[in-house]
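Visitor: Please read through the structure below; I'll follow up with questions.
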Protein chains: 2
Amino acid sequence: MLTEERHQLIRDQLAADGKVLAGELASRFGVSEDTVRRDLRELAKAGQLRRVYGGAVASAPFAAATLSQRSRHAVEEKTRLARAAVGLLSAGQSLFIDGGTTNEAIARAIPRDMELTIATNSLGVASALVDRPLVELIMLGGRYVPNLGTCVGADTLAAVAQFGADLFFLGSCGLDVARGVTAFDSAEAEVKRAMVKNSAGIAIAVTNDKLATAAPYRVAGADAIRHLVVERTAPAATLADFQSQGAQVHFA
Amino acid sequence: MLTEERHQLIRDQLAADGKVLAGELASRFGVSEDTVRRDLRELAKAGQLRRVYGGAVASAPFAAATLSQRSRHAVEEKTRLARAAVGLLSAGQSLFIDGGTTNEAIARAIPRDMELTIATNSLGVASALVDRPLVELIMLGGRYVPNLGTCVGADTLAAVAQFGADLFFLGSCGLDVARGVTAFDSAEAEVKRAMVKNSAGIAIAVTNDKLATAAPYRVAGADAIRHLVVERTAPAATLADFQSQGAQVHFA
DNA sequence: GCATGTTTTGCCTGATCGTGCAAGAAACAG
DNA sequence: CTGTTTCTTGCACGATCAGGCAAAACATGC
């Protein structure tokens with residue numbers, strides 16, 4: 001097995017799982033742990049991952065948010081949501097993809113052989129898409145906000161205005177039938193609103209903890225949601241409310 | 001068996017498997033490993049594959065390119081260059097940082113306690129900076145080009161025009177006293193020129209292999225370079241030429 | 001046919017790189 | 001605190017590499 005091959009497999013697993021274990025890689029590759037450690041050290045030096053005791057995790061922006069803050073359960077759940085969300089896509093579409101860990105999972109779940117045009121203001125989403133040769137990637141620039149992992153501001157709004165999407169994967173901070181989709185940050189909400197305006201349809205993938213909650217800044221009404229991707233365990237009553245507003249519900 | 005025949009078979013297997021092993025090819029073709037190595041070397045020179053220890057892999061999609069296209073030595077060398085380049089900075093400055101592996105190394109080398117405003121069109125540079133709380137990061141959006149790892153195009157130019165920098169870390173494809181700084185790609189060169197225009201000073205960090213070489217598209221004249229960061233082993237004659245054009249030379 | 005020059009190939013040599021092993025240091029868990 | 005796991009460092013061995021050299025294959029011109 002080529003050294004290069006191992007490096008690629010490590011990158012792949014990092015993109016998929018967000019982490020790798022030194023011992024596990026060693027037995028999978030049939031080499032000593034020392035060799036794996038050397039591989040990890042090199043990749044870390046090249047900035048492609050962050051070394052931690054026992055293995056490595058994806059380098060920012062995934063890692064910090066994906067692994068340390070969230071429970072493992074949430075990661076798996078989001079991956080499931082992402083797989084279901086990707087089912088809404090068809091080749092040749094153009095998309096807006098918003099920031100947030102769920103949307104990053106969606107970006108990672110996009111199949112490598114699907115041709116798409118994707119505009120995003122999230123560095124995490126963009127990073128997940130860089131090695132998809134069939135994806136035309138438009139980065140929506142602007143002032144980067146570390147807490148959000150996305151770009152916002154006047155420059156971002158100007159860039160959004162130049163793009164039209166068939167579908168918008170909206171990252172949601174709060175989702176309530178009465179309040180609609182809401183965000184915690186004013187500038188963030190502004191960008192989301194611009195994306196809504198330039199999209200033919202809106203899709204939202206959320207974990208249960210976001211359902212029936214609201215944040216200060218309004219992005220869109222509940223009736224604007226076309227597709228809602230939720231966990232199987234989502235409360236039926238809440239879902240029925242959204243369906244009555246015209247949303248299609250998809251289970252992960 | 002014709003040389004050309006072998007080359008075609010190698011290309012075929014690369015397209016199918018993504019990798020080839022020197023020893024395996026030798027026994028399959030019934031030639032010595034040396035011959036296979038020569039084949040691989042030629043194909044690599046023509047950019048049709050990427051040579052690695054033990055064989056070769058399909059030439060690089062971005063992720064692989066960033067890291068491994070370069071030898072271990074190059075990574076270390078670039079890290080050294082980066083440390084020296086960071087020495088040019090002082091707190092409170094605003095910077096343009098261009099794409100390229102050397103500039104990504106510079107971004108990683110920026111101290112965590114330094115306050116800076118940084119605009120970049122490179123996803124790699126941006127990713128390296130996301131967890132630096134004191135860095136105000138401006139992402140220059142646009143159409144993302146996988147081969148370059150940067151955003152280019154009209155949107156990028158518009159974003160560059162809105163920013164002014166004290167210093168511009170220019171990624172150089174070719175650097176020659178007569179031809180100046182040159183790039184391989186037309187759109188890339190255009191963005192670089194816009195950054196040059198909006199910067200008070202230009203800094204370039206290069207490994208020896210870029211010195212005294214040129215690419216098709218001109219970015220700036222040699223006299224525009226204020227700081228040139230080079231390896232200790234850089235040829236003195238070449239450096240003297242740049243110094244006579246007004247560049248300060250810094251050794252890694 | 002024959003001589004000459006070029007290209008290709010295999011082998012050799014010294015150098016480099018990747019790997020596993022061992023010892024000591026460091027990080028973690030109880 | 002103690003014991004365990006993981007990590008780094010140094011070392012040795014084998015695999016792989018680039019460059020030089022000479023023989024063989026091939027092309028070219030007379």
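The values are calculated or read from the model by the stated rules, or taken from the named source; none is laboratory data. All of these numbers come straight from a predicted model, not from anything done at the bench. When we count neighbours, we look across all protein chains shown, and the Cβ atoms used for this are built from the backbone with ideal geometry, even at glycine. Protein only, heavy atoms only, side chains kept; ligands, DNA and RNA dropped before computing areas. Shrake-Rupley method; radii C 1.70, N 1.55, O 1.52, S 1.80 Å.
Visitor: Can you tally the net charge around residue A:198? Count Lys and Arg as +1, Asp and Glu as -1, for every other residue whose Cβ sits under 14 Å from the Cβ of residue A:198.
Guide: 0
Visitor: Calculate one ³J(HN,Hα) per residue across segment B:180-189 by plugging θ = phi - 60° into the Karplus curve 6.51 cos²θ - 1.76 cosθ + 1.60, and present them in order as whole Hz with x for glycine and proline.
Guide: Whole-Hz 3J(HN,Hα) from phi for segment B:180-189: x, 8, 9, 10, 7, 10, 5, 5, 4, 4.
Visitor: Per residue, how many Å² of accessible area does segment A:115-248 show with a 1.4 Å probe?
Guide: Per residue, segment A:115-248 has an accessible area of 37 Å².
Visitor: Accessible area per residue of segment A:3-59 at 1.4 Å probe, in Å²?
Guide: On a per-residue basis, segment A:3-59 sits at 47 Å².
Visitor: A further question on this structure: Just to be sure I understand the interface: list residues from segment A:140-158 that lose 20 Å² or more of accessible area between the chain on its own and the complete protein assembly, 1.4 Å probe.
Guide: Residues shielded by partner chains are A:141, A:142, A:143, A:144, A:146, A:155.
Visitor: Using alpha-carbon pairs under 8 Å, 6+ residues apart, how would you state the relative contact order of chain A in percent?
Guide: 14 percent
Visitor: Search the structure for amide H atoms under 5 Å from the amide H of residue A:215, placed 1.01 Å from N in the peptide plane, and list their residues when 5 or more places away or on another chain.
Guide: A:174, A:182, A:183
Visitor: Return the value, in Å² to the nearest 100, of accessible area buried between chains A and B (probe 1.4 Å, both sides summed).
Guide: 2800 Å²
Visitor: Taking 25 °C and 0.890 mPa s as the conditions, I'd like the Stokes-Einstein D for the protein assembly as shown in µm²/s, using the Kirkwood hydrodynamic radius from alpha carbon pairs.
Guide: 102 µm²/s
Visitor: Using a Förster distance of 22 angstrom, determine the FRET efficiency expected from the C-beta separation of residue A:114 and residue A:232, and round it to 0.05.
Guide: 0.30
Visitor: Read phi for every residue in segment A:32-39 and hand back ³J(HN,Hα) as whole Hz from Karplus 6.51 cos²θ - 1.76 cosθ + 1.60, θ = phi - 60°, with x for Gly and Pro.
Guide: My calculation for segment A:32-39 gives 6, 5, 4, 4, 4, 4, 4, 4 Hz in order.
Visitor: Of B:123, B:109, B:244, whose Cα points farthest to the positive end of the dipole of segment B:72-251 (charges on the beta-carbon: +1 Lys, Arg; -1 Asp, Glu; origin at the Cα centre)?
Guide: B:244
Visitor: Measuring from a point 7 Å out along Cα→Cβ, what nm distances, shortest first, does residue B:201 have to its partners in the other copies?
Guide: 5.5
Visitor: Each residue of segment B:239-252 in turn: what ³J(HN,Hα) in whole Hz from Karplus with 6.51, -1.76, 1.60 and θ = phi - 60°, glycine and Pro shown as x?
Guide: Using θ = phi - 60°, the values come out as 4, 4, 4, 5, 4, 5, 8, x, 7, 8, 9, 10, 9, 6 Hz.
Visitor: Just the number, please: percent antiparallel of the DSSP beta bridges in segment B:72-251, rounded to the nearest 5.
Guide: If I count the DSSP bridges inside segment B:72-251, around 35 percent turn out antiparallel.
Visitor: What is the Cα centroid distance between segment B:1-16 and segment B:161-214, reported in whole angstrom?
Guide: 38 Å
Visitor: Percent of accessible area on chain B owned by carbon and sulfur, 1.4 Å probe?
Guide: Result for chain B: 50 percent of the exposed heavy-atom area is carbon or sulfur.
Visitor: Give me the inter-chain shielding for A:123-131: mean count of other chain Cβ atoms within 10 Å, whole number please.
Guide: Counting other chains' Cβ atoms within 10 Å and averaging over A:123-131 gives 5.
Visitor: Go through A:19/A:210; A:19/B:210; A:45/B:19; A:19/B:192 and tell me which ones have a Cα-Cα distance over 30 Å in this structure.
Guide: Listed pairs above 30 Å: A:19/B:210; A:19/B:192.
Visitor: Just the number, please: percent antiparallel of the DSSP beta bridges in segment B:149-252, rounded to the nearest 5.
Guide: Here the antiparallel bridges make up roughly 40 percent for segment B:149-252.
Visitor: Only bridges with both residues in the protein assembly as shown count here: give the DSSP antiparallel percent, nearest 5.
Guide: Taking every DSSP beta bridge within the protein assembly as shown, about 50 percent pair in antiparallel fashion.
Visitor: When the convex hull of the Cα atoms of segment A:72-251 is projected onto a plane and the area is averaged over all directions, what value comes out in nm²?
Guide: Taking the Cα atoms of segment A:72-251, their convex hull projects to 9.1 nm² on average.
Visitor: Using 0.36 nm per residue of separation minus the Cα-Cα distance, give me the extension gain between residue B:42 and residue B:12 in nm, one decimal.
Guide: 9.2 nm
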